[in-house]
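My questions will all concern the structure given below.
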Amino acid sequence: MQQGDVTSVSSTGAPRSAVLGVLGGGQLGRMMALAAANLGVRMKCLDPTPDAPAAVAAEHMEGHFRDAQAIEDFVKSKGVDVLTMEIEHINTDALMQAAKDVKVDIEPSPETIRVIQDKFAQKQHFAAAGVPLPEFRNIKCRGCMEATGKAFGYPFMLKAKRLAYDGKGNYVVKTEADIDAAAAALGGYEAGLYAEKFAPFVKELAVMVVRNRDGGVVSYPLVETIHKNNICHVTEAPADVPPAVQANARAVAEKAIACLSGAGIFGVEMFLLGDGTILLNEVAPRPHNSGHYTMDGCVTSQFENHVRAVLGWPLGETRLNAGCAIMLNLLGEADGDEGVRIAHETMAKAYTIPGAKVHWYGKDGMKVGRKVGHINIVANTREEARAKLAQLDAGGLASLQ
Ligand code: ATP
Ligand code: MG
Ligand code: MG
């Protein structure tokens with residue numbers, strides 16, 4: 001225990017001398033660790049990378065978050081009271097075992113992680129709770145694919161049930177002739193596949209929702225997300241849609257998170273169709289790229305609220321603290337030094353723009369497409385925020401209009 005560490009929040013029954021353990025120590029863990037440090041909470045992380053970005057503010061133990069023994073050693077040797085995660089692709093059997101053996105409090109619950117990490121199980125869970133979704137069905141064989149093409153029409157989405165990220169694990173099946181290539185690209189029928197009807201969206205939206213230990217949920221403002229090559233590129237909050245759509249999207253997101261268990265922050269990705277319909281795409285049980293704007297744009301960041309939620313503390317306010325908040329991801333434009341030079345150029349521009357804030361992840365090594373940081377722009381109006389974005393990234397601005 002270091003001098004000044006928070007030992008309890010008396011009125012809420014939060015754990016005394018809480019040590020927060022986090023599975024994963026990438027950029028999400030790093031931003032969580034910085035938020036935790038500001039709250040006087042000691043964070044420790046388990047990550048296989050020697051120079052994990054979270055180590056800047058968390059005690060880092062080398063080990064894999066999918067390795068059951070490593071998780072158990074981490075919890076025991078580091079005296080973890082509350083265990084959470086910055087990635088959903090973890091070993092949930094090990095989590096459940098750890099909950100029994102070492103009696104660590106895991107937030108959100110291992111059951112929630114298990115449902116979410118299998119995108120088909122996730123869809124089934126939300127469908128049963130009445131959350132609006134694109135139609136979906138299990139795919140076990142070539143015949144199922146043909147039948148799906150007839151039922152859904154073309155194109156439809158073929159998706160891997162597990163280990164998907166940044167669109168890796170998705171295939172757009174455009175015609176019957178694509179069926180074999182689609183299945184092969186995703187590892188074959190035995191790998192675990194399912195299909196979704198294509199959602200003809202006019203915008204992609206997202207909402208961060210924070211869930212407390214009693215199951216109460218509070219949402220953040222609605223965000224529009226713009227992707228480039230399936231990777232989040234720009235977000236704008238509040239999304240430029242009518243108030244009724246904003247309210248409905250937040251209600252759908254809250255409904256989805258209310259039917260899970262355990263505390264923490266969740267990212268909810270959605271589609272807006274031309275007639276105003278909102279459909280849920282997927283949920284992440286952790287801080288999310290579409291919530292990075294909250295670090296400068298909202299009263300309480302998604303990272304701070306995650307720490308407060310998992311420790312059982314009162315949640316912070318989620319409202320915007322200015323009219324508009326835009327986030328621009330810094331994605332590697334080239335490998336190695338050239339990529340670093342380009343990113344630093346954008347950062348240097350940001351330092352000259354009032355209301356622009358740089359967040360650098362301190363990753364070891366630069367690669368094309370790698371998320372290496374982001375810039376938040378906070379302004380009184382949407383027009384002002386967009387004008388500032390234009391100074392940093394003209395392409396990002398074009399995609400918002
Ligand atoms: P992430 O990095 O967000 O975890 P992922 O690999 O899990 O992504 P999805 O979110 O399932 O992938 O899909 C990636 C993108 O593909 C979506 O943001 C959307 O643009 C498109 N997409 C996914 N499902 C559909 C659908 N049913 N209809 C139309 N487009 C879709
Ligand atoms: Mg995903
Ligand atoms: Mg997604």
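Hey, does the range 262-278 have a residue that's away from ligand 1 (no atom under 16 Å from the Cβ), farther than 25 Å from Val307 by Cβ and either without any contact (Cβ under 8 Å) to a residue 60 or more places away in the chain or small (Gly, Ala, Ser) (or both)?
Filtering the range 262-278 down to residues away from ligand 1 (no atom under 16 Å from the Cβ) leaves 262-264, 276.
Okay, now just the ones that are also farther than 25 Å from Val307 by Cβ, so 276.
Then keep just the ones that are either without any contact (Cβ under 8 Å) to a residue 60 or more places away in the chain or small (Gly, Ala, Ser) (or both); that gives 276.
Scanning the range 262-278 turns up at least one residue that is away from ligand 1 (no atom under 16 Å from the Cβ), farther than 25 Å from Val307 by Cβ and either without any contact (Cβ under 8 Å) to a residue 60 or more places away in the chain or small (Gly, Ala, Ser) (or both).
Moving to a separate point now. Could you identify the single residue in Tyr165, Tyr189 that is surrounded by fewer than 20 Cβ atoms within 10 Å (Cβ to Cβ) and within 16 Å of ligand 2 (Cβ to nearest atom)?
None of the others qualify; the one that does is Tyr165.
Search the range 263-297 for residues being within 12 Å of ligand 2 (Cβ to nearest atom) and part of a loop (DSSP other than H, G, I, E, B), and hand back the single one that is nearest to Gly167 (Cα to Cα).
His288
Among the residues of the range 132-152, count how many are of a type in the set (Gly, Ala, Ser) and either touching a Phe, Trp or Tyr at 6+ places or on another chain (Cβ under 7 Å) or touching a residue at least 24 places away in the same chain (Cβ under 8 Å) (or both).
1
Next question. For residues that are within 15 Å of ligand 3 (Cβ to nearest atom), in contact (Cβ under 8 Å) with a residue 60 or more places away in the chain and assigned to a loop (DSSP other than H, G, I, E, B), tally how many sit in the range 163-194.
Total satisfying the criteria: 3.
Within the range 237-252, is there a residue that is surrounded by fewer than 18 Cβ atoms within 10 Å (Cβ to Cβ), more than 16 Å from ligand 1 (Cβ to nearest atom) and within 30 Å of Ile106 (Cβ to Cβ)?
Taking every residue of the range 237-252 in turn, at least one turns out to be surrounded by fewer than 18 Cβ atoms within 10 Å (Cβ to Cβ), more than 16 Å from ligand 1 (Cβ to nearest atom) and within 30 Å of Ile106 (Cβ to Cβ).
Can you tell which of Glu333, Glu282 is away from ligand 1 (no atom under 16 Å from the Cβ), touching a helix residue (DSSP H, G or I) at 6+ places or on another chain (Cβ under 9 Å), over 22 Å from Ala37 (Cβ atoms) and touching a residue at least 24 places away in the same chain (Cβ under 8 Å)?
The unique qualifying residue is Glu333.
Just to be sure before I move on: is Ala182 over 23 Å from the mean Cα position of the chain (by Cα) and buried (at least 19 other Cβ atoms within 10 Å of the Cβ) in the structure I sent?
Taking the combined requirement at face value, the residue satisfies it.
For Asp275, all conditions in the list (1) over 18 Å from the mean Cα position of the chain (by Cα); (2) more than 23 Å from Lys203 (Cα to Cα) hold save one; what is the number of the exception?
Answer for Asp275: the failing condition is (2).
Here's something else I'd like to know. Please count how many residues of the range 86-110 are of a type in the set (D, E, K, R) and either in contact with an Asp or Glu (Cβ under 6 Å, 6 or more places away or on another chain) or surrounded by fewer than 16 Cβ atoms within 10 Å (Cβ to Cβ) (or both).
Here the count works out to 4.
Moving to a separate point now. Look at the range 204-236 and say how many of its residues are more than 16 Å from ligand 3 (Cβ to nearest atom) and within 25 Å of Val310 (Cα to Cα).
13
On the basis of being more than 16 Å from ligand 3 (Cβ to nearest atom), over 23 Å from Val217 (Cα atoms) and part of a helix (DSSP H, G or I), does Val245 make the cut? Let's see the steps before the verdict.
On the way: more than 16 Å from ligand 3 (Cβ to nearest atom): yes; over 23 Å from Val217 (Cα atoms): no; part of a helix (DSSP H, G or I): yes.
Spelling it out, it is not the case that Val245 is more than 16 Å from ligand 3 (Cβ to nearest atom), over 23 Å from Val217 (Cα atoms) and part of a helix (DSSP H, G or I).
I've got another one for you. Filter the range 141-155 for residues that are in contact with a helix residue (DSSP H, G or I) (Cβ under 6 Å, 6 or more places away or on another chain) and of a type outside the set (Gly, Ala, Ser) and give the result.
Within the range 141-155, Cys141, Met145 qualify.
If Lys371 satisfies every condition in (1) more than 20 Å from the chain's Cα centre (by Cα); (2) in contact (Cβ under 8 Å) with a residue 40 or more places away in the chain but one, which is the exception?
Exception for Lys371: condition (1).
Please pick out the residue among Ile116, Ile87 that is within 12 Å of ligand 1 (Cβ to nearest atom) and closer than 16 Å to Asn281 by Cβ.
The match here is Ile116.
Has the range 196-214 got any residue that is within 16 Å of ligand 2 (Cβ to nearest atom), in a strand (DSSP E or B), small (Gly, Ala, Ser) and touching a helix residue (DSSP H, G or I) at 6+ places or on another chain (Cβ under 9 Å)?
Yes: one or more hits.
Rule-based calculations on the coordinates, nothing more; no lab input. Because the structure is a prediction, the values reported are computed rather than measured. Note that each Cβ is placed from the backbone with ideal geometry, even for glycine, and that neighbours are counted across all protein chains shown.
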